[in-house]
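One structure, as structure tokens, below. Some questions next.
The values are calculated or read from the model by the stated rules, or taken from the named source; none is laboratory data. Given the structure is predicted, the values throughout are model-derived calculations rather than measurements. Note that each Cβ is placed from the backbone with ideal geometry, even for glycine, and that neighbours are counted across all protein chains shown. For the accessible areas, the whole protein counts, side chains as well, though only heavy atoms, and no ligand, DNA or RNA atoms are used. Shrake-Rupley method; radii C 1.70, N 1.55, O 1.52, S 1.80 Å.
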Amino acid sequence: MNVIHYSADELTALMKQMSLMYDIVRIVDPEGDNEWVLGSSGELRKEDFCPKISDNRKNCSECDSFMACKEGKRVERTEIIDGKIFHIVMFPVDFSLANGSEVRCALECITRIENSEDDVLEIVKDGHRLEIKEDKVMVDPLTGLYNWDGFFYESRAAIDSQPDKEWVVIVYDIMSFKLVNDLFGEDKGDEVLVKVAGLIESKCEEGEVCARLRGDLFAVCIHKDHYDSTFTISASKELPGLINSPQFHLHIQGGVYNVTDKNVMVSAMVDRAHLALSTIKGSSERRMIEFDENLMARLLNEQQIITDFKRALLDREFHMFLQPQVSNKGEVKGAEALVRWIRPDNEIVSPGDFLDVLERTDLITDLDKYIWEEAAKTLASWKGTDKENLYISINISPKDFFYMDVYQFIHDLVDKYDLDKKKLKLEITETILMQDAIKQLALVNRLHDEGFDIEIDDFGKGYSSLSLLKDINADVLKIDKEFLQETQNSKRSEDILGTVIDMSDRLAMRVITEGVETREQLEKMIELGCYMFQGYYFAKPMSLEEFESKWTEIGASFNEEKLA
Ligand code: C2E
Ligand code: CA
Ligand code: CA
């Protein structure tokens, strides 16, 4: 194994990432008999002693971390302390301190393996096999599948007793499962778990293992030659009618680990599958992901974004770009605020490269508050100028509703900058209904009733857009750009688009077509009755300065062309 070299910052970021998966993550320098800990400002600091998980090892040369460092290889062990079982994986790492000195340490990742108090588990000599007392409960009473302990024991036994087989471990999670209990009650929640368990079990064949690890987390340990696309679960097809609600769609995601080393602890196999899963959690488009060795590098990169974010926000590296919205008469009526991260080397980073990461934490709210305020400031600065009548639409992430008081913040902004509510338009997507739908709906409708324009973004991209219209008093529909691209050679999409526009008329909603790239698309949409457009055909998102100097030309050129 090559020992990976990190800077202190990178190692700090890695530790934070690992703490999402493990109960304890620490760096020990067994030779120096000390531990490195994270200081309050994120720096690595040396502690005087190496607090061992247990002190039954008399000296450091017997310590596994010492061996991991000395031999430059990963070491694992399982330990029982006070009747609790811990699984510890030690990775040797090299890192350099700010003063240039190099340190070789062991990164210890420690997981507490759940077990009830009277369990007696003994670790057999090879360090892998858990011998479990006869009366130990290994079955989940609700679903009849194995539980966590059962899964580890049975999977180990299966792998050891079928030496000619290759294996795959998959961990499944039901997206936003908590909502099922909240929206439909615990009985329904239980029913869902039982049905999902039955479905997963039905996919397994003899000699394979299937379990509910905890809550809504399931796992299977299956033969590699049996692993195929049927293990990607489509809840709408395979469990039709189990939940019949426009507000909640059952979405089951899986993380896959191809077992390359059968000696690895089963818990570590589950960790890897789970780690892969964590990278797509919350994405309603992804159902399955495989663990690969680059995943750590990718996670490190994500962690870097998180580490950089706060500083970059303070250093004003985030900018509000504006993309004009143009009427069928060729007049720019307003613009959408779209964020850009301009790095110190002037590289312009698009939201696609960092928004997901921020949305997985509450950092997205810091960014959004900042961009919204930029939009409000801009609107205030336009008062009394030729841009007085322009509006700006801001994007509200579904996560914002979860982490902050959107209602209060928007109100405060409008008060602070003394804005006309119609000038600050609010773009939301149907995914706001993924969490606490009823509360979110009430909040959005309240904003609407008070005079804000609510725009439904990416309409047609999701699957429940129509039912959303029933519940939300929206003012504007933004037809998603993907939808438009299909119209070029499809009469059917065109009919649908026409129908959507007619329907919006009846509901007194305006339609904005997004992603208009060609003259042809524009003419088609005008023909279908759309009045407002946004897309590269008119202009790409641009800096505020550029927008302010160019906005009158953007519409004018179209107008002239039209007249010609
Ligand atoms: P969106 O709200 O659907 O924004 C429209 C996206 O389509 C923008 O990408 C825009 O640059 C792109 N676009 C516009 N016209 C065309 C076109 O003619 N063709 C094509 N192919 N694309 C076009 P961008 O700026 O990369 O933003 C991506 C997404 O990131 C946005 O999608 C929005 O969901 C999110 N986003 C952007 N800024 C913010 C922000 O400040 N806060 C939040 N929460 N989300 C943001
Ligand atoms: Ca938008
Ligand atoms: Ca959109």
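Looking at (1) away from ligand 3 (no atom under 16 Å from the Cβ); (2) part of a strand (DSSP E or B); (3) not charged (D, E, K, R), which one does LEU322 not meet, given that it meets all the others?
Looking at each condition in turn, LEU322 falls short on (1).
Return the total of residues in segment 104-116 being surrounded by fewer than 19 Cβ atoms within 10 Å (Cβ to Cβ) and either modelled with pLDDT of 75 or more or closer than 11 Å to ILE4 by Cα (or both).
Number satisfying all stated conditions: 2.
Per-residue answers, yes or no, for (1) more than 21 Å from ILE306 (Cβ to Cβ); (2) more than 12 Å from ligand 1 (Cβ to nearest atom); (3) open to solvent by less than 10 Å² (accessible area, probe 1.4 Å); (4) free of Cβ contacts under 8 Å to residues at least 40 places away in the same chain:
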position: ASP366; (1), (2), (3), (4): no, no, no, no
position: LYS369; (1), (2), (3), (4): no, no, no, no
position: TYR391; (1), (2), (3), (4): yes, yes, no, no
position: ASP405; (1), (2), (3), (4): yes, yes, no, yes
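Considering only segment 410-428, state which residues are in a loop (DSSP other than H, G, I, E, B) and open to solvent by 30 Å² or more (accessible area, probe 1.4 Å).
Filtering segment 410-428 down to residues in a loop (DSSP other than H, G, I, E, B) leaves 417-420.
Scanning segment 410-428 gives TYR417, ASP418, ASP420.
Residue-wise test of (1) surrounded by 18 or more Cβ atoms within 10 Å (Cβ to Cβ); (2) modelled with pLDDT of 85 or more; (3) among the charged types (D, E, K, R).
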site	(1), (2), (3)
VAL93	yes, no, no
SER96	no, no, no
ASP118	no, no, yes
MET138	no, no, no
PRO141	no, yes, no
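From the residues in segment 334-363 that are within 16 Å of ligand 2 (Cβ to nearest atom) and acidic (Asp, Glu), which one is most open to solvent (accessible area, probe 1.4 Å)?
This residue is ASP356.
To continue, here is another question. Mind checking which residues of segment 439-458 are assigned to a helix (DSSP H, G or I), surrounded by 19 or more Cβ atoms within 10 Å (Cβ to Cβ) and under 25 Å from the mean Cα position of the chain (by Cα)?
We begin by selecting, within segment 439-458, every residue assigned to a helix (DSSP H, G or I); these are 439-449.
Narrowing the set further to residues that are surrounded by 19 or more Cβ atoms within 10 Å (Cβ to Cβ) leaves 440, 444, 447.
Of everything in segment 439-458, those that are assigned to a helix (DSSP H, G or I), surrounded by 19 or more Cβ atoms within 10 Å (Cβ to Cβ) and under 25 Å from the mean Cα position of the chain (by Cα) turn out to be GLN440, VAL444.
Which residues, counting only those in segment 347-395, are away from ligand 3 (no atom under 16 Å from the Cβ), charged (D, E, K, R) and either modelled with pLDDT of 95 or more or within 21 Å of THR431 (Cα to Cα) (or both)? Outline the logic, then answer.
Of the residues in segment 347-395, the ones away from ligand 3 (no atom under 16 Å from the Cβ) are 347-349, 353-354, 357-358, 360-367, 369-370, 372-391.
Still in the list and also charged (D, E, K, R): 347, 353, 360, 362, 366, 369, 373-374, 377, 383, 386-388.
Selection gives ASP353, ARG360, ASP362, ASP366, LYS369, GLU373, GLU374, LYS377, LYS383, ASP386, LYS387, GLU388.
For segment 446-474, give me each residue that is at pLDDT below 90 and among the β-branched types (Val, Ile, Thr).
The one that is at pLDDT below 90 and among the β-branched types (Val, Ile, Thr): ILE472.
Right, something else. Can you name every residue in segment 244-269 that is touching a Phe, Trp or Tyr at 6+ places or on another chain (Cβ under 8 Å) and among the β-branched types (Val, Ile, Thr)?
Once the filter is applied, which keeps residues that are touching a Phe, Trp or Tyr at 6+ places or on another chain (Cβ under 8 Å) and among the β-branched types (Val, Ile, Thr), segment 244-269 yields ILE252, VAL256, VAL259, VAL266.
Turning to a different aspect of this structure: Looking at (1) modelled with pLDDT under 90; (2) under 30 Å from TRP382 (Cβ atoms); (3) crowded, with 19+ Cβ neighbours inside 10 Å; (4) not β-branched (Val, Ile, Thr), which one does LEU477 not meet, given that it meets all the others?
The number of the failed condition is (1).
Show the residue pairs that are 6+ apart or on different chains and have beta-carbon atoms under 6 Å apart, the first residue being within segment 268-282 and open to solvent by 20 Å² or more (accessible area, probe 1.4 Å), the second being charged (D, E, K, R) and not in a helix (DSSP H, G or I).
Here the result reads none, with nothing in segment 268-282 linked to a residue that is charged (D, E, K, R) and not in a helix (DSSP H, G or I).
If I ask for residues that are open to solvent by 60 Å² or more (accessible area, probe 1.4 Å) and at positive phi, which ones from segment 220-244 would you list?
Correct list: empty.
Can you name every residue in segment 22-32 that is surrounded by 14 or more Cβ atoms within 10 Å (Cβ to Cβ) and either modelled with pLDDT of 70 or more or touching a Ser or Thr at 6+ places or on another chain (Cβ under 7 Å) (or both)? Give the steps one after another, and end with the answer.
Of all residues in segment 22-32, those surrounded by 14 or more Cβ atoms within 10 Å (Cβ to Cβ) come to 22, 24-32.
Of everything in segment 22-32, those that are surrounded by 14 or more Cβ atoms within 10 Å (Cβ to Cβ) and either modelled with pLDDT of 70 or more or touching a Ser or Thr at 6+ places or on another chain (Cβ under 7 Å) (or both) turn out to be TYR22, ILE24, VAL25, ARG26, ILE27, VAL28, ASP29, PRO30, GLU31.
Okay, next question. Determine whether segment 351-370 contains at least one residue that is part of a strand (DSSP E or B) and either in contact with an Asp or Glu (Cβ under 6 Å, 6 or more places away or on another chain) or under 30 Å from LYS237 (Cα atoms) (or both). Lay out the reasoning, then the answer.
Within segment 351-370, the first condition is being part of a strand (DSSP E or B), and the residues that meet it are none.
No - not one qualifying residue is present in segment 351-370.
Could you list all residues from segment 302-333 that are open to solvent by less than 20 Å² (accessible area, probe 1.4 Å), aromatic (Phe, Trp, Tyr) and either within 12 Å of ligand 1 (Cβ to nearest atom) or at pLDDT 95 or above (or both)? I'd like the intermediate steps shown before the answer.
If we filter segment 302-333 for residues that are open to solvent by less than 20 Å² (accessible area, probe 1.4 Å), which is where we start, we get 303, 305, 309, 312, 317-318, 320, 322-327, 330, 332.
Remaining after also requiring aromatic (Phe, Trp, Tyr): 309, 318.
PHE318, the sole residue that qualifies.
Go through (1) touching a Phe, Trp or Tyr at 6+ places or on another chain (Cβ under 6 Å); (2) open to solvent by 50 Å² or more (accessible area, probe 1.4 Å) for PHE291 and report which single condition fails.
Failing condition for PHE291: (2).
Moving to a separate point now. Looking at (1) within 28 Å of LYS178 (Cα to Cα); (2) within 16 Å of ligand 3 (Cβ to nearest atom); (3) open to solvent by less than 10 Å² (accessible area, probe 1.4 Å), find the lone condition where VAL256 falls short.
For VAL256, the failing item is (2).
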